[in-house]
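As structure tokens, the structure follows; a few thoughts come after it.
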Amino acid sequence: MKKLSLSIFLTLYAIAAYSQDIYNTENSKKFASYLYQSEQFELAAIEYERLLFLDDRNDSIKYKLLSSYFENKDFGKAISRSKKLYPSVKDFTDPVANLYLKLLILNEDFSDFDLQYTAVPLANNKKAVYKLHKNVLNREWQEAYDTFNELQAFPFQYKSNFNELLERSKKPDTKSPFLAGILSAIIPGTGKFYTGNFKDGIFSLLVVGGTTFQAIRGFNKDGVNSTSGWIFGTVATGFYAGNIFGSVKSAQVYNENYWLEIENETRILINNSY
């Protein structure tokens, strides 16, 4: 009986020792690295969380954990974990500081970016590049011009592309909603021609012109008591007013699409940079 108990004890001890060898810190790091390198970022984050539980002061593990969340597009989670792992942004290592500013931009946490920008421990030129990204993405054009001027002597990725975007913002190819409304008030549909919306412009011209013609025809035939004249006149007035409003709206949509195009190009540049 004693021999059997001793045998069981030795077997369990060997299993425990073997398990510890599989799950020791170094092997876990290798496994987490494998998951990360094979782009299994969600699983990598789980493994790095476990490693961090075993070694909560390891900055390298902290960075790899945050980077796993970043690569998995879980920006909000990465930001919240950054704040928990470091009592102050001043405690960030250089890699974490870079990653944190990227996270705030991609998650569009612009208010947090403004509040914490100064305290983030990075060289001013490096920080200014992130500030430029944030300025352009948030349509802060004057600030973007100022930031870009600060970076004139500092080379950074896609500098010429950002310069071109800023030049386009200075001389925007936008349309005046007021002018679009005036044009359509004078000749229905021309305000939409002005914004390049030719199909709607032709439709407005034909509808307003057609209903107005029918109203005039009715009044010419039966005078002020013409039922058809009043009906078509009322319809024509409604279409005429709608034509003016629609032209103003068309100019506003045109302008918004113009800025959205710049914003989308900015996002592409930023994503390629990160």
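The values are calculated or read from the model by the stated rules, or taken from the named source; none is laboratory data. This is a predicted model, so every value here is computed, not measured. Note that each Cβ is placed from the backbone with ideal geometry, even for glycine, and that neighbours are counted across all protein chains shown.
List of remarks:
- Segment 164-178, subset out of contact with any helix residue (DSSP H, G or I) (no Cβ under 7 Å at 6 or more places or on another chain) and in a helix (DSSP H, G or I), residue nearest to residue 206 (Cα to Cα): 178
- Within segment 217-246, if we keep just the residues that are loosely packed, with under 14 Cβ neighbours inside 10 Å and of a type in the set (A, V, I, L, M), the residue that is farthest from residue 200 (Cα to Cα) turns out to be 224.
- Put simply, of 214, 157, 142 the only residue that is within 30 Å of residue 271 (Cα to Cα) and modelled with pLDDT under 95 is 157.
- When residues of segment 140-170 are limited to those that are of a type in the set (S, T, N, Q) and in contact (Cβ under 8 Å) with a residue 40 or more places away in the chain, the one farthest from residue 255 (Cα to Cα): 157
- Residue match in segment 256-266 (condition: touching a helix residue (DSSP H, G or I) at 6+ places or on another chain (Cβ under 6 Å) and under 30 Å from residue 105 (Cα atoms)): yes
- Test: residue in segment 53-68 that is of a type in the set (Val, Ile, Thr), surrounded by fewer than 20 Cβ atoms within 10 Å (Cβ to Cβ) and part of a helix (DSSP H, G or I): no
- Complete set of residues in segment 29-44 that are under 23 Å from residue 273 (Cβ atoms) and either surrounded by 21 or more Cβ atoms within 10 Å (Cβ to Cβ) or of a type in the set (Asp, Glu) (or both): 39, 44
- Checking 183, 179, 132, 137 one by one, the residue that is under 35 Å from the mean Cα position of the chain (by Cα), in contact (Cβ under 8 Å) with a residue 12 or more places away in the chain and more than 30 Å from residue 111 (Cα to Cα) is 179 and no other.
- So residue 266, is it crowded, with 19+ Cβ neighbours inside 10 Å and in a helix (DSSP H, G or I): yes
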